[in-house]
Amino acid sequence: MKLINKFTIILFSVCFLFSCDTVIETPDNSEIINSGSWKIQIEEKKENEFLWAWYNRKSNGIYYFDDKVKHADRDTFILLNEPIWSEYGRDKENAFWFWNFLKNSDVNTFEVLSFRYAKDKNNVYCFWEELIWADSKSFKNTDFMDTYAIDKNNVYFNCNIMKSVDVWSFEVLKWGEWIAKDKNNLFCWSEKINWVDVDSYILYYIESMKGARLTAYSKDKNHVYYSCSHIIDWADSESFEIINPFFAKDKNFVYRYNQVIEWIDPNNFDIEELEKLYK
């Protein structure tokens, strides 16, 4: 053992005198590096920082899963999860969606509107795509489900302009099934429903202790509808009424969802017994 220690000291001395470059592994697996002037350099490994979801801040940049996010500044990058969960982020110079660099973004005015939409003073973005026809100042999303949006010129559905829509009278009636209307037409998703009478169209609500709850039933003066625009055959619009979110009736029939229960007398039945039969 003493012989080995003496040999190590001699080797170090020779390297110092002749400025040799070498790397010697010590028993604890650290590296002692001689770079001519005998400087011991210890590289500190920075631990990864989990940001959120699939993002990590590593020593050499921002990563989405295992892919480095191009143009992202490691030290100033933040994720923007307000007012709702989103995949938008920004650093001191640029905005991002997932790994996509939003090259025309203004970070000083950049704001997240929803999961789908964001904007700055100049542009509106749907995910990574710039909506070049959208007006940034007046643009807003109309529902928390993040499907419809509107500006002073257009109405948008899933980032696409809806045709033949009156912007000023447009309103969302129901989320989830995405029913909307303007003064002229009813819309299911982005489809214009020509056979619905807008002026007499109503959606049915169920009042409960937790508040009003929309059902799948609706009607106008001519028809009864289930799930937006599906006409329930034989249903009488004038006498139609809902019993609960799943059952309804008119003067002729009882309905479960959009199906007629022909063997039930609409004027003489027990709803609790009926519900037991269809559990």
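The values are calculated or read from the model by the stated rules, or taken from the named source; none is laboratory data. Keep in mind the model is a prediction, meaning the values are calculated, not measured. Please note: Cβ atoms are built from the backbone with ideal geometry, for glycine as well, and neighbour counts cover all protein chains shown. We work out accessible area using only protein heavy atoms, side chains counted, and drop any ligands, DNA or RNA first. Shrake-Rupley method; radii C 1.70, N 1.55, O 1.52, S 1.80 Å.
Report whether or not ASN258 is at pLDDT below 95 and closer than 20 Å to ARG213 by Cβ.
Working: at pLDDT below 95: yes; closer than 20 Å to ARG213 by Cβ: yes.
So ASN258 fits the description; yes.
I'd like the full set of residues that are of a type in the set (S, T, N, Q) and at pLDDT 95 or above, limited to segment 161-171. Walk me through how you get there before you give the answer.
Within segment 161-171, the subset of a type in the set (S, T, N, Q) is 164, 169.
Across segment 161-171, the qualifying residue is only SER169.
Mind listing just one residue for me: the one in segment 245-264 that is among the β-branched types (Val, Ile, Thr) and open to solvent by less than 30 Å² (accessible area, probe 1.4 Å) and, of those, farthest from the chain's Cα centre (by Cα)? Walk me through it before giving the result.
Residues of segment 245-264 that are among the β-branched types (Val, Ile, Thr), as a first pass: 254, 260-261, 264.
Then drop every residue that is not open to solvent by less than 30 Å² (accessible area, probe 1.4 Å), which leaves 254, 261, 264.
Numbers: VAL254: 39, ILE261: 40, ILE264: 44 Å.
Per the stated criteria, the residue is ILE264.
Sort out which residues of segment 92-144 are assigned to a loop (DSSP other than H, G, I, E, B), among the charged types (D, E, K, R), open to solvent by less than 80 Å² (accessible area, probe 1.4 Å) and at pLDDT 95 or above, and write them in order of number.
So the first thing to find is which residues in segment 92-144 are assigned to a loop (DSSP other than H, G, I, E, B), and the list is 92-94, 98-99, 103-110, 113-116, 120-123, 127-128, 131-139, 142-144.
Within this subset, residues satisfying the condition of being among the charged types (D, E, K, R) are 92-93, 103, 106, 116, 120-121, 135, 137, 143.
Still in the list and also open to solvent by less than 80 Å² (accessible area, probe 1.4 Å): 106, 116, 120, 135, 143.
If the condition is that a residue be assigned to a loop (DSSP other than H, G, I, E, B), among the charged types (D, E, K, R), open to solvent by less than 80 Å² (accessible area, probe 1.4 Å) and at pLDDT 95 or above, then ASP106, ASP120, ASP135 are the ones that fit.
Looking only at segment 219-236, which residues are at pLDDT 95 or above and within 14 Å of LEU203 (Cβ to Cβ)?
Hits for segment 219-236 are LYS219, ASP220, HIS223, VAL224, TYR225.
Of everything in segment 62-79 that's of a type in the set (A, V, I, L, M, F, W, C) and open to solvent by 30 Å² or more (accessible area, probe 1.4 Å), which residue is nearest to the chain's Cα centre (by Cα)?
Applying the first criterion (of a type in the set (A, V, I, L, M, F, W, C)) to segment 62-79 yields 62, 65, 69, 72, 77-79.
Subset that is open to solvent by 30 Å² or more (accessible area, probe 1.4 Å): 65, 78-79.
Numbers: PHE65: 18, ILE78: 17, LEU79: 14 Å.
Going through the qualifying residues, I end up with LEU79.
Contact list please: Cβ distance under 6 Å, first residue in segment 251-279 and within 16 Å of VAL224 (Cα to Cα), second residue open to solvent by less than 70 Å² (accessible area, probe 1.4 Å) and among the hydroxyl-bearing types (Ser, Thr, Tyr), pairs at least six apart or on different chains.
If the second residue must be open to solvent by less than 70 Å² (accessible area, probe 1.4 Å) and among the hydroxyl-bearing types (Ser, Thr, Tyr), the pairs left are LYS251/SER239; ASN258/TYR226.
Going through TYR156, TYR204 one at a time, which residue ends up being modelled with pLDDT of 95 or more and touching a strand residue (DSSP E or B) at 6+ places or on another chain (Cβ under 9 Å)?
Details: TYR204 fails: modelled with pLDDT of 95 or more.
After applying the criteria, what remains is TYR156.
Taking the options LYS181, LYS174, LYS192, name whichever one is at pLDDT below 90, in contact with a Leu (Cβ under 8 Å, 6 or more places away or on another chain) and more than 30 Å from HIS71 (Cβ to Cβ). So that I can check it myself, show each step before the final result.
On the way: LYS181 fails: at pLDDT below 90; LYS192 fails: at pLDDT below 90.
Answer to the selection: LYS174.
Would you tally the residues in segment 121-177 being of a type in the set (Lys, Arg) and within 27 Å of PHE96 (Cβ to Cβ)? Working first, answer last.
Of segment 121-177, the ones of a type in the set (Lys, Arg) are 121, 137, 140, 152, 163, 174.
Adding the requirement that they be within 27 Å of PHE96 (Cβ to Cβ) leaves 121, 137, 140.
Number of matching residues: 3.
Select from segment 124-170 the residues that are among the acidic types (Asp, Glu) and either free of Cβ contacts under 8 Å to residues at least 12 places away in the same chain or touching an Asp or Glu at 6+ places or on another chain (Cβ under 6 Å) (or both) and list them in ascending order. Don't jump to the end; show me each part of the working.
Of the residues in segment 124-170, the ones among the acidic types (Asp, Glu) are 129-130, 135, 143, 146, 151, 166.
Those that are among the acidic types (Asp, Glu) and either free of Cβ contacts under 8 Å to residues at least 12 places away in the same chain or touching an Asp or Glu at 6+ places or on another chain (Cβ under 6 Å) (or both): ASP135, ASP151, ASP166.
Would you list the strands (runs of 3 or more DSSP E) that sit entirely within segment 145-244 and hold 2 or more residues that are open to solvent by less than 30 Å² (accessible area, probe 1.4 Å) and of a type in the set (Phe, Trp, Tyr)? Steps first, answer last, please.
Numbers: elements: 148-150, 155-157, 171-174, 179-181, 186-188, 191-193, 202-208, 211-219, 224-226.
Answer list for segment 145-244: 155-157.
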